[in-house]
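Read-outs: derived from the displayed coordinates by stated rules, not from any lab. Predicted model, so just to flag it, every value in this text is computed and none were measured. Virtual Cβ from ideal backbone geometry, glycine too; neighbours counted across all protein chains shown.
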Amino acid sequence: PAAPHQVQAAGPLRNGGRGKGSEMNPLNEVQWGHDWAWGVPLIALTCVIHILCLAVFTARVDRLLDTMRDRGRHVTLTFSLVMAMAVTLVTTLHILEGGIWALAFRFLGAIPDNRSAMLYSLGALTTYGDTTIHLAHQWKMLGALEAVNGMLLFGLTTAFLFAMIQRVLPPAKR
């Protein structure tokens with residue numbers, strides 16, 4: 001048997017992939033169907049929330065910039081304020097999205113208390129991780145899916161902040 005910290009291969013992988021039935025069908029090997037059933041919709045939900053909020057913020061910034069450009073001044077102040085608001089918005093969004101995952105972990109019984117669920121969730125979203133908090137065994141893949149979600153959300157955030165800099169700062173000031 002494998003040591004507690006080692007993973008032992010199942011099925012045809014146990015013999016090193018040799019012999020009868022050594023072809024691996026990933027769909028037969030995946031034991032985490034319930035993780036995927038929860039994880040994929042959570043990824044979709046948080047991405048939709050993120051994109052909608054970024055779109056609303058961008059539309060409001062565009063209206064603000066139209067009025068500021070008519071006046072033609074305070075470019076540095078406007079840039080600083082808009083970027084500060086944008087960073088505050090995306091930080092709040094990431095916390096909200098982490099909270100959605102934490103609620104799911106609590107609902108599923110994957111983590112025993114709210115504080116640990118939120119800490120685990122923010123750690124997974126940022127791929128920082130916390131070595132003292134672990135999901136219940138049957139939900140381990142869900143944590144990895146949340147990390148995938150975090151990479152997607154931070155990619156969207158990076159693109160948004162870059163676009164906001166391009167939008168707010170006039171070409172002559174870049």
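Here the calculated FRET efficiency for Asn114 and Leu65, from their Cβ-Cβ distance with R0 = 35 Å, stands at 0.30, rounded to the nearest 0.05. Computed from backbone phi with θ = phi - 60° and the Karplus coefficients 6.51, -1.76 and 1.60, the 3J(HN,Hα) list for region 40-52 is 5, x, 5, 4, 4, 4, 5, 5, 5, 4, 4, 5, 4 Hz; x is used for glycine and proline. In this simple spin-label model, placing a label point 7 Å from the Cα along the Cα-to-Cβ direction at both Val48 and Met85 gives a separation of 2.7 nm. Residues of region 37-66 falling in the label zone of Leu169, defined by backbone nitrogen less than 18 Å from a point 7 Å along Cα to beta-carbon, are 62, 65. Karplus-based coupling profile of region 117-125, in residue order and whole Hz: 4, 5, 5, 4, 4, 5, x, 6, 4, with θ = phi - 60° in 6.51 cos²θ - 1.76 cosθ + 1.60 and x standing for Gly or Pro.
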